[in-house]
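Below: the structure, in structure tokens.
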Amino acid sequence: MFRFAFVALLFAEAVAVQPVAAQPVDIETASALYHDASMREQVRASLGTMPAHIRQMFSADSAAQLSDQQLNAVTAAAERGFRIDVFEAPALNALAANLDAATVKKADAFLMSDLGRRMVAADVATATLDEPTIDKIMKGELTAPSTAQRDALFDKLEHATRSTESTVQIFISMGQAVAIGTAVGAGSDSAAVAASARKSGEASRGGLEQNMREPLRRYLAYSYRDMSDADLKHLLAFMESAAGKRYVTAYIASLGAGFDAMGRRCGEQLGESLRELAQVQAK
């Protein structure tokens with residue numbers, strides 16, 4: 001349901017996803033829904049390329065001018081930070097906090113239906129494609145046959161799942177997390193870094209959403225290319241229902257919390273490594 005192709009882009013910095021208050025369910029209940037939605041498989045598929053993208057982000061920062069040794073520390077920190085075991089605990093807590101029993105019952109019934117199972121299978125299949133293929137999908141170089149009616153349905157689905165907004169939020173939230181974590185690890189003023197990151201992220205949000213909406217709609221259309229128009233209408237009906245809307249909110253909060261935790265871990269590891277390198281070089 002949600003897109004993980006944002007790892008092919010460099011991210012900016014902004015505020016983290018904030019959970020919406022709800023009557024929470026327990027972790028065991030949330031874990032069952034997490035499993036049925038195959039969240040682990042989809043997230044894990046995005047993590048392998050993160051170290052290279054984090055390194056690219058720092059390499060492109062002309063103000064930082066990091067040495068090869070420092071960039072190697074960036075890669076190592078990203079490898080230690082962006083791991084599924086770092087993601088899952090905060091993600092499950094956020095998922096549980098944003099669900100209620102009624103939503104879980106209806107969402108799980110949908111996920112266990114034939115259409116729900118096919119949706120999840122399609123999400124996993126596309127999320128686990130190699131990066132060059134994902135890039136072709138998002139650029140429109142690899143597409144499936146469509147009609148004006150299907151295009152309209154995918155446009156509605158993209159909005160109903162808040163695909164672009166949630167992807168941008170997670171994308172920029174990680175930037176803030178890495179920046180703050182790096183400041184903490186290096187002993188710098190994390191409050192000043194957080195304020196700068198928030199300002200930068202909010203300034204970039206509108207442009208990111210505008211640039212990413214169409215590529216992510218293409219990604220959605222390719223993922224569900226084997227679904228009939230009737231399937232898409234039923235999928236849209238669930239996403240636009242009260243339970244579907246709350247499920248979407250909980251899912252987004254879960255992803256945001258998990259990626260924020262990984263970004264912070266990466267930043268903290270990097271801050272410590274850069275501080276140690278500086279101490280060695282000062283001797």
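The values are calculated or read from the model by the stated rules, or taken from the named source; none is laboratory data. Remember, predicted model here, so these are calculated numbers, not experimental data. When we count neighbours, we look across all protein chains shown, and the Cβ atoms used for this are built from the backbone with ideal geometry, even at glycine.
For region 59-92, give me the residue count where each residue is over 20 Å from the mean Cα position of the chain (by Cα), without any contact (Cβ under 8 Å) to a residue 24 or more places away in the chain and part of a helix (DSSP H, G or I).
4
Would you pick out the residues in region 130-146 that are assigned to a loop (DSSP other than H, G, I, E, B) and either touching a residue at least 60 places away in the same chain (Cβ under 8 Å) or under 13 Å from residue 222 (Cα atoms) (or both)? Lay out the reasoning, then the answer.
Initial filter on region 130-146 (assigned to a loop (DSSP other than H, G, I, E, B)): 130, 140-146.
Listed by number, the residues that qualify are 140, 141, 142, 143, 144, 145, 146.
So which of 140, 181 ends up being surrounded by 14 or more Cβ atoms within 10 Å (Cβ to Cβ) and either in contact with an Asp or Glu (Cβ under 9 Å, 6 or more places away or on another chain) or modelled with pLDDT under 95 (or both)? Write out each step before concluding.
Numbers: 140 fails: surrounded by 14 or more Cβ atoms within 10 Å (Cβ to Cβ).
So the residue among 140, 181 that is surrounded by 14 or more Cβ atoms within 10 Å (Cβ to Cβ) and either in contact with an Asp or Glu (Cβ under 9 Å, 6 or more places away or on another chain) or modelled with pLDDT under 95 (or both) is 181.
Report every pair of residues separated by at least 6 positions or lying on different chains whose Cβ atoms are under 9 Å apart, first residue within region 254-281 and free of Cβ contacts under 8 Å to residues at least 60 places away in the same chain, second in a helix (DSSP H, G or I) and of a type in the set (Gly, Ala, Ser).
Taking only residues 6 or more apart or on different chains, the pairs are 276/73; 278/186.
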